[in-house]
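Computed from the coordinates by the stated procedures, all read-outs in this text should not be read as laboratory data. No experiment lies behind these values; they were computed from the predicted model shown. Cβ sites come from the backbone with ideal geometry, for glycine too, and all protein chains shown count toward neighbours.
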Ligand code: FES
């Protein structure tokens, strides 16, 4: 079989003529490869931090992990959004130990320095030992992530100061994000709770699974049976979909399926009250 030299490496080989694309499975599990990806790719790419509606009120905050770094995602007392490293600029203690809440200030539990939720050091909580102009260079404020940008209410960060602008990075994926945010005239609100996955692999396996729509019938048959039983008597379409390549290496899976959706698709099992 003729593999295209241009695309042959230790990790992939491609034969465009025969439409073969093979990946060495180590890329999904080898910690050393994942580590390289973090340094060379992920920390230089825009990463999703959260949605504006998750910190809707002034002084709301969340603590989120992005790659290996824990960040405080906060809306300050004037309504501006920030992402700060959750690490004290004094001696590196973890500052915020709650996952979410509403605070005007963050107090470091180690020596008691207090920071405004816009990042400025407010007080060192000490009666002596510091010069009056101790923070004149502003170097003891909370450290912001180098870049923060928003697309249609979705907030992203980038650890690389020189990264390309978010909109350029998102390319056609930005249109899909816009579309998601425009489902209702009332806008989009991310509500509480989360789904967490634990897998013996890195993130790429979850991506592969998300774009793999043709496992639906074989793997999720009982779920489909349930859906169809809920739709009895209605004109039910067979689910159809396709994985789509968007620009800059982004992709998505689009599926036309009659499952229940809080906004776009009501199911009889939810009752008449929920229909509106
Ligand atoms: Fe935070 Fe000292 S380490 S105040």
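Taking every Cα-Cα distance in the range 62-212 and sorting them into 5 Å bins from zero, the calculated P(r) comes out as 2, 7, 14, 16, 18, 16, 11, 7, 5, 3, 1, 0, 0 percent.
When 266, 46 are ordered from fewest to most other Cβ atoms inside 10 Å of their Cβ, what list results?
266, 46
The ellipsoid equivalent to the alpha-carbon distribution of the range 172-276 has semi-axes of 25, 20, 15 angstrom, derived from the gyration tensor eigenvalues as √(5λ) and listed largest first.
Each Cα pair under 8 Å and six or more residues apart adds its separation to the average, and for the chain the resulting relative contact order is 13 percent. Can you tell me how the range 184-226 classifies by the Cα gyration tensor, rounded, prolate or oblate, using a/c under 1.5 as the rounded cut? Oblate. Within the listed set 209, 59, 86, the residue fluctuating most in the Gaussian network model of the chain (springs between alpha-carbon atoms under 10 angstrom) is 209.
Shape summary: the chain maps onto an equivalent ellipsoid whose semi-axes, from the alpha-carbon gyration tensor, are 41, 28, 16 Å in decreasing order. Given R0 = 22 Å, the distance between the Cβ atoms of residue 250 and residue 218 translates into a calculated FRET efficiency of 0.25.
Determine the gain in length on full extension of the stretch residue 47-residue 110; use 0.36 nm per residue of separation and subtract their C-alpha separation, reporting nm with one decimal.
Numbers: separation 63, 0.36 × 63 = 22.68 nm, distance 3.00 nm.
Stretched out fully, the residue 47 to residue 110 stretch lengthens by 19.7 nm.
Per the Debye calculation on the range 51-120 with a single equal scatterer at every Cα and no solvent contribution, log₁₀ I(q)/I(0) for q = 0.13 Å⁻¹ amounts to -0.31.
How would 247, 87 line up from fewest to most surrounding beta-carbon atoms within 10 angstrom? Don't skip to the answer; put the middle values down first.
Working: 247 14, 87 19.
Ascending Cβ contact count within 10 Å gives the list 247, 87.
Between 148, 41, 121, the Gaussian network model of the chain with springs among Cα atoms under 10 angstrom shows the greatest mean-square fluctuation at 41. Largest mean-square fluctuation among 215, 250, 82, in a Gaussian network model of the chain whose springs join Cα atoms under 10 Å apart, belongs to 215. A Förster radius of 41 Å combined with the Cβ-Cβ distance from residue 196 to residue 139 puts the calculated FRET efficiency at roughly 0.65. Protection proxy ranking for 195-207, 151-163, 127-139, using the average of other Cβ atoms within 10 Å per residue and placing the highest first: 151-163, 195-207, 127-139. The helix-based estimate of mean residue ellipticity at 222 nm for the chain, built from -39,500 (n - 2.57) per DSSP H run of four or more residues and divided by its residue count, is -4500 deg cm²/dmol to the nearest 500. Projecting label points 7 angstrom from Cα along Cα→Cβ for residue 276 and residue 177 puts them 3.5 nm apart.
Give the calculated FRET efficiency between residue 18 and residue 206 to the nearest 0.05, with a Förster radius of 30 Å applied to their Cβ-Cβ distance. Step by step, r from the Cβ atoms, then E = 0.60.
With all distinct Cα pairs included, what does the Kirkwood hydrodynamic radius of the range 1-53 come out to in Å, to one decimal, could you say? Numbers along the way, then the final one.
On the way: mean 1/r = 0.0737 Å⁻¹.
Taking every pair of different Cα atoms in the range 1-53, averaging 1/r and inverting gives 13.6 Å.
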